[in-house]
Structure formats: C-alpha cells, structure tokens
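The values are calculated or read from the model by the stated rules, or taken from the named source; none is laboratory data. In this text, all values refer to a predicted model and were calculated from it rather than measured experimentally. Cβ sites come from the backbone with ideal geometry, for glycine too, and all protein chains shown count toward neighbours. Ligands, DNA and RNA are excluded from the accessible area calculation, which covers all protein heavy atoms including side chains. Shrake-Rupley method; radii C 1.70, N 1.55, O 1.52, S 1.80 Å.
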Amino acid sequence: MTPAPPALEIEELSLSIAAARVVDGVSLAVAAGEVVAMVGESGCGKSLTAQAVMRLLPDAVRHQGGRIRVAGQDITALPDSAMRRLRGRALSMIFQEPQAALDPLATVGAQIAEALRLPLARARPAVRAMLEEVGLSDPERRIDQYPFELSGGMCQRVMIACALIARPALLLADEPTTALDVTIQAQILALLRRLAAERGTAVLLITHDMGVVADIADRVAVMYAGRIAETGPVGALFAAPRHPYTALLLAAIPRLADTPKSRLAVIEGRVPMPGAFGAGCRFAERCPLADARCTAQAPPLRDLGGGRHSACFHAERVG
Amino acid sequence: MPRHIAGRVGQALVAAFGVLSIVFVVLHLSGDPTLLLVPPDASAAQIAELRHALGFDRPLLAQYLAYLGQLAHFDLGQSLVQRAPVAVILAARIPYTVELALAALAVAIGLGLPAGIAMAVWRGRPAARLLAVVVLAGQSLPTFWSGILLILLFGVTLGWLPTSGADSASSVILPAVALGLVTMAGFARMMRIAMLDELGRDYVAAARARGLSRGAAILRHVLRNAAIPVVTIAALEIGNLLAGAVIVETVFAWPGIGQLAMQSIAARDFLVVQAVVLFVSLVYIGMNLLADLAYAWIDPRIRRGP
C-alpha cells in the first residue's frame, strides 16, 4: 500500500505578472496535521502562492507552470465548477484583516453557514457548535450578530470557524494574526495549533513574523523574491540556518537580552524589483557570502539531509 | 435605531421649514409682490387696492405668520390668472407628474442598475465598453433633444406611440424614456463604481474561499454593500428628475406640474410658481429622508449601532 499523499503538494509553481516571474519554481509539501510556515518579506510571492492554491489569483497574475495537488488531486487542471466544490470543503483560507474579510451587512452565522452550503436555519446547531469550538462566548447570541459588533480577535475566530466548519484537509492562513494585538495573536495561534492537531488539518501559514513561526510551525519555508531560499524543521532551522538570508533574518529579530538602545540589526540593500531579477541568485547583491558564481547562475534547492533544503551554493558555510 | 430615525425626521422638518421661509423671504425681497401681479398699465390706485386686498401692506412679521397659518391649512392662495385656488390647480397636476416620475424612475432603475452591475462584473470585456458608450450617450443627450428624437422615431416615423398629451395609457412611455435616460446614466455609473469598489474587498475573496461562485458572492454579498452609496445618489437623482420634468413635460405637452410651472412663469402667475417650488422642495426633502431610512434598513451598523 502506498502512503497517503500529502495534504498539499506544490511542485515547481511559477506565476508571473506581465513579464516578471513573481513566483519562480516554488515546491513545497504539507502533510496532514502539519503546520508549515512560509516566511518572507512583503512582495516575496508568499500570498500569491496561497492564492494560487485556492485558484483565486488576481486577474493580472498568470499561472506559468507547475502543479498543485490537494490530497493527491491535481487542482491546476480542474474545471472552475469542480474547484468551487473543493473550496471550503477540501481546502479553505483565512485572511489578514478579519473584519474586512467578513461581509459587514451579513450576520456571522449566515456567513459561517455558507461554508456548509446550507441556509442558517438548518445549519444553526452546527454553526453554534463550531463557534463554541473556536472559543466564542455565548455562541447562540453571536450567531445573529454582525461583524461590527465583534472585536478583531473575535472576528478572526469567526473566520476560523468559517474555514474549518466543513472539515477541510488543508487550511491556508495568510498573515492571520498580523492585524491583531499581541496577546490576541498568541490566543489565535494557539487556537489554530489546537484545531489543526485535533482535526488533522494541514496548515500552510503565511507570515513575515519569525516569532509567529517559532510559536506554531513544524516546518518553515523561507521565501525570497519569488523563490524558496531554505526549508527545514523549525528547531534545526532556527538553531543553524543554512541560507545567508535566513541567518540575517534571524539576526534581525530584536531580543530582550539586547543592550538597550543598541542598533537593530538590518539587512542592507533592497529586494530586487520583479523584472530586474538577474540570472543568478536573487539574494546575491545583499549577500555577504556572494561570489562570481552566485551572480552568474541560480543555485538549485539542494537536499542537505535531515529534512533540510537550501538554495545556496555556500549553505555549509552559513552561520 | 429610533434615535437615528428621529434625528433624520427632525432634520427633514427643519429643512422643510427652512424652505417655506426662504420662499417667503425671496417673495418679499424681490420688492413689492403686488407689482408682479398687476398688468403694466395699472394705475397707482388699483395697485394700492390690490396690495391692501392681498395684505401686502401689513407688517412683514404679521404677513409671515399669516403665510405659515395658511400653509398649515394647505391654503396656497388664489391664482389671479386662473381664478381658482392654487391648491386645487396644483392637486390636479400632481398625479400626472407623479405618474411620469415613477415611470421614468422605472426606466432609470430598470436599465441603469443592471447596466451598472454588468459594466462592473464584465469589466475589461467588449460588452462592458459597449455599455459604457450607451450610458455616456444617455447622459450626454439633452432631454429636449432626445425627446424630439423619440417623438420623430416612435411617434411620427413608426407611429407606434402617442407623441403628446396624456390621453391614453401609452402616452407616458415616450416622456418617461426621455426623462429616465439621463437618470439611468447616473444610476449606471454610480452602480458601476460602487460595485467595482466592493468587488475588490476581502470579504468577496473570503466568500469565494468558502466555496461561493463569483455570481453567488455578488448576489449574496456585493449587491447589498454596493446599494448603500447608490441609495444616496438615487434620492438626489429623483430630485433632479422633477427638475427635468419641467422640460420633458413641455416637450411632450404632459399636463404635470413642470408644464404648469412653465405656463405660470410665462403668465406671471406668481402664487402658482411659488406653490410648485414649495412642492418640489418638499419632495426633495422627503426623498432624502427616505434614503436615510433606507440606509438603516440596509445597514445593520446604523440599524443596531448606538
């Protein structure tokens, strides 16, 4: 018997806007019950990757190549109607601004019931149970409330209820805590972690926050300028990064032990503009280890063993 | 909610009172209204007699209070030209204008909103561009000209519809189309902008992420949200419709208050003109109040807010 296919398998995904390859050959897998964090600066292509998995890319973005399999099923070639049936049931998504992601004119309950394809009257018991599961007090009253009557944290719980009520195997979470207060952030992350574990849901978490990654993820994929720089288990990757970009990112996290008023570590330079990508490594011009080979050819993602991969010629010299 | 509605009703009442007062002030600022009512060759004695008969020789405050007292009894005075109570003259015309305005509104909403929705949903496609041209044309044609074109085509050349008067049930069609076209364009453009604004919002992506088709997301979520800004404009457009009725009723010889206003201005029938101005202003205020009530009905943030 062959083992069950991963909940999500992205293979050499490439997306472009006009002539620029904003996502270039990204490969990634998320197993059932696993939380994989995709980390990178804004514009590195992580949100587009998630939208490509949902097949809800903006009109300007073209799918150039690569396959996406959800529970073994290739969704890149599915007809729209079949894809629509998968959304909410096989895979679902939560968003950065929970209040903006809810229709202000519809009740919370009606929106959650939509994920079950049922009118609220029939879905009511299930919706109430789900609201309870995401930790909302007084769920019976919350069902008939409007988003403006709830706080941001409560709205994100509602979004999570919406995303998980139909028991999808895969949840995409696009910066789910960025818009929330720090204390609420921790609660929401703990909730995601718990629900994913209980239900065996695979989670692809998109974030720019290394703190969030450390809190919740099993594995990390670090993205830079549309490519994966490094992947690996969270503990090993944080302890010994194998890509200069990851190393600099980790060094840039402010720590309580830092001398007060000391300069924050930053990564010099800027992310190259899409369209100005050269033939070589996209991080080369900011990289302390870069040499002539780095600017001439793109480093492939190499298997370093122990579940770790790095797209750096000098991976062994990092750190 | 009750606070919101009470506030809006109060504002509307203040605005209505303001309109009544402004009409009174304008009447008296423009000099002795008696002079507007008499023929140019009237003698000073005749003028003085009429002035006294109409009460224009009393103190201004007394006149103002008397004027408000009359309005409270729906007494708009006596038309000196038509020798009939102004209220009776107006009441005979209002049903025609209401019929015309409602028919024009049906044209404007029936064509304008779907056109606006289609232009937003089909954005970038040839069909949307074609619609944009039609809408622009509808907005650009002055009603007096589009009215004449409609008469020529459907009345004279094809002979399908009556061209003037209000003698048969189909008489309202041509003036309603002429009047509704401009408003239709306004509705279409507003609806398009509101739809495009809403279509780009996160809740649409979220609705699709939980399995709604684009059409279902539009029907269940986008339309209601897009309706909020359109409702405001709709109230103003209905006001403009009444202004447009003055021209359209004249072109099509439609016996409504627009035609009455034109005739009364020409005949210097001052009290009738004043009554028409009052009526149109009060309708305008009433429409805005309706729009405010509609908000509360659509938007829970107003309905259930503080």
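Here are some conditions: (1) touching a Phe, Trp or Tyr at 6+ places or on another chain (Cβ under 7 Å); (2) crowded, with 19+ Cβ neighbours inside 10 Å. B:L179 meets all but one. Which one does it not meet?
(1)
Any chance the stretch B:261-276 includes a residue that's of a type in the set (A, V, I, L, M), more than 13 Å from the chain's Cα centre (by Cα) and closer than 17 Å to B:G116 by Cβ?
Taking the stretch B:261-276 and keeping what is of a type in the set (A, V, I, L, M), we get B:261-262, B:265-267, B:271-273, B:275-276.
Checking which are more than 13 Å from the chain's Cα centre (by Cα) leaves us with B:261-262, B:265-267, B:271-273, B:275.
Then drop every residue that is not closer than 17 Å to B:G116 by Cβ, which leaves none.
Checked against the condition, which is being of a type in the set (A, V, I, L, M), more than 13 Å from the chain's Cα centre (by Cα) and closer than 17 Å to B:G116 by Cβ, the stretch B:261-276 yields no hits at all.
Going by the structure shown, is A:A186 part of a helix (DSSP H, G or I), within 26 Å of A:Q73 (Cα to Cα) and of a type outside the set (V, I, T)?
On the way: part of a helix (DSSP H, G or I): yes; within 26 Å of A:Q73 (Cα to Cα): no; of a type outside the set (V, I, T): yes.
Here the answer is no, as A:A186 does not meet what is asked.
Filter the stretch B:187-216 down to residues that are in a helix (DSSP H, G or I) and either buried (at least 24 other Cβ atoms within 10 Å of the Cβ) or touching a Ser or Thr at 6+ places or on another chain (Cβ under 6 Å) (or both), then give me how many there are.
In the first step, residues of the stretch B:187-216 are kept if they are in a helix (DSSP H, G or I); the result is B:187-199, B:202-209, B:214-216.
Add one more test, that the residue is either buried (at least 24 other Cβ atoms within 10 Å of the Cβ) or touching a Ser or Thr at 6+ places or on another chain (Cβ under 6 Å) (or both), and what stays is B:187-188, B:191-192, B:195, B:203, B:206-207, B:209.
Summing the residues that are in a helix (DSSP H, G or I) and either buried (at least 24 other Cβ atoms within 10 Å of the Cβ) or touching a Ser or Thr at 6+ places or on another chain (Cβ under 6 Å) (or both) in the stretch B:187-216 gives 9.
Check whether at least one residue in the stretch A:254-264 is buried (at least 16 other Cβ atoms within 10 Å of the Cβ) and either basic (K, R) or under 19 Å from A:C44 (Cβ atoms) (or both), and report yes or no.
First, the residues of the stretch A:254-264 that are buried (at least 16 other Cβ atoms within 10 Å of the Cβ): none.
No, because not a single residue in the stretch A:254-264 is buried (at least 16 other Cβ atoms within 10 Å of the Cβ) and either basic (K, R) or under 19 Å from A:C44 (Cβ atoms) (or both).
Identify, from the list B:A62, B:A15, B:A66, B:A48, the residue that is closer than 25 Å to B:N240 by Cα, open to solvent by less than 80 Å² (accessible area, probe 1.4 Å) and either modelled with pLDDT of 80 or more or in a helix (DSSP H, G or I) (or both). Before the answer, list the steps.
Numbers: B:A62 fails: closer than 25 Å to B:N240 by Cα; B:A66 fails: closer than 25 Å to B:N240 by Cα; B:A48 fails: closer than 25 Å to B:N240 by Cα.
After applying the criteria, what remains is B:A15.
Among the residues of the stretch B:221-243, write down those that are open to solvent by 20 Å² or more (accessible area, probe 1.4 Å) and within 14 Å of chain A (Cβ to nearest Cβ).
B:L223, B:R224, B:A227, B:I228, B:P229, B:V231, listed by residue number.
So, A:L304, is that one within 24 Å of the chain's Cα centre (by Cα) and either more than 16 Å from A:A225 (Cβ to Cβ) or open to solvent by less than 60 Å² (accessible area, probe 1.4 Å) (or both) or not?
Yes: the conditions hold for A:L304.
Give me the residue from the stretch A:265-283 that is at pLDDT 90 or above and among the hydrophobic types (A, V, I, L, M, F, W, C) and, out of that set, farthest from the chain's Cα centre (by Cα).
Only one residue tops the list, namely A:C281.
Assuming A:L131 fulfils every condition listed in (1) away from chain B (no Cβ under 13 Å); (2) of a type outside the set (D, E, K, R); (3) open to solvent by 10 Å² or more (accessible area, probe 1.4 Å); (4) over 23 Å from the mean Cα position of the chain (by Cα) apart from one, which condition is it?
For A:L131, the exception is condition (3).
Which of the numbered conditions does A:A163 fail, given that it passes all the others? Conditions: (1) closer than 23 Å to B:A205 by Cβ; (2) away from chain B (no Cβ under 12 Å).
Condition (2) is where A:A163 drops out.
Hey, any hits in the stretch A:145-152 for a residue that's of a type outside the set (K, R), surrounded by fewer than 22 Cβ atoms within 10 Å (Cβ to Cβ), closer than 14 Å to A:Q96 by Cβ and within 14 Å of chain B (Cβ to nearest Cβ)? Outline the logic, then answer.
First, pick out the residues of the stretch A:145-152 that are of a type outside the set (K, R): A:145-152.
Going one step further and asking which of them are surrounded by fewer than 22 Cβ atoms within 10 Å (Cβ to Cβ), we end up with A:145-146, A:148-152.
From the residues that got through so far, the ones that are closer than 14 Å to A:Q96 by Cβ too are A:152.
Okay, now just the ones that are also within 14 Å of chain B (Cβ to nearest Cβ), so A:152.
The answer is yes; a qualifying residue exists.
Go over the candidates A:S42, A:S27 one by one and state the one that is outside any helix (DSSP H, G or I), among the polar types (S, T, N, Q) and at pLDDT below 90. Before the answer, list the steps.
Details: A:S27 fails: at pLDDT below 90.
The unique qualifying residue is A:S42.
Let me confirm something: among A:A106, A:A82, A:A20, which residue is of a type in the set (A, V, I, L, M), touching a residue at least 40 places away in the same chain (Cβ under 8 Å), within 14 Å of chain B (Cβ to nearest Cβ) and more than 23 Å from A:P233 (Cα to Cα)? Reasoning before the result, please.
On the way: A:A82 fails: touching a residue at least 40 places away in the same chain (Cβ under 8 Å); A:A20 fails: within 14 Å of chain B (Cβ to nearest Cβ).
On inspection, the qualifying residue turns out to be A:A106.
Can you name the residue in the stretch A:216-247 that is among the aromatic types (F, W, Y) and assigned to a helix (DSSP H, G or I) and, of all such residues, is least open to solvent (accessible area, probe 1.4 Å)? Walk me through it before giving the result.
Here is the first cut: in the stretch A:216-247, the residues among the aromatic types (F, W, Y) are A:224, A:238, A:245.
So of that shortlist, the ones also assigned to a helix (DSSP H, G or I) come out as A:238, A:245.
Working: A:F238: 61, A:Y245: 1 Å².
Among those that are among the aromatic types (F, W, Y) and assigned to a helix (DSSP H, G or I), it is A:Y245.
Kindly indicate whether any position in the stretch A:17-33 is at negative phi, among the charged types (D, E, K, R) and under 14 Å from the mean Cα position of the chain (by Cα).
No.
Out of (1) farther than 23 Å from A:G269 by Cα; (2) in contact (Cβ under 8 Å) with a residue 24 or more places away in the chain, the odd one out for A:R302 is which?
Just one mismatch for A:R302, condition (2).
Restricted to the stretch A:50-74, and to residues that are farther than 13 Å from A:L170 by Cα and more than 14 Å from every other protein chain (Cβ to nearest Cβ), which residue is most open to solvent (accessible area, probe 1.4 Å)?
A:R62
Looking at A:D181, A:D103, A:D80, A:D138, which one is more than 19 Å from A:R199 (Cβ to Cβ) and touching a His at 6+ places or on another chain (Cβ under 7 Å)? Step through it out loud before you land on a result.
Working: A:D181 fails: touching a His at 6+ places or on another chain (Cβ under 7 Å); A:D80 fails: touching a His at 6+ places or on another chain (Cβ under 7 Å); A:D138 fails: touching a His at 6+ places or on another chain (Cβ under 7 Å).
Only one candidate qualifies: A:D103.
Consider A:L28 carefully, then state whether it is farther than 26 Å from B:V204 by Cβ and of a type outside the set (G, A, S). Give the steps one after another, and end with the answer.
Working: farther than 26 Å from B:V204 by Cβ: yes; of a type outside the set (G, A, S): yes.
Taking the combined requirement at face value, the residue satisfies it.
Name every residue in the stretch B:135-176 that is buried (at least 16 other Cβ atoms within 10 Å of the Cβ) and closer than 16 Å to B:V98 by Cα, in order of residue number.
B:A166, B:S171, B:V172, B:I173, B:L174, B:P175, B:A176
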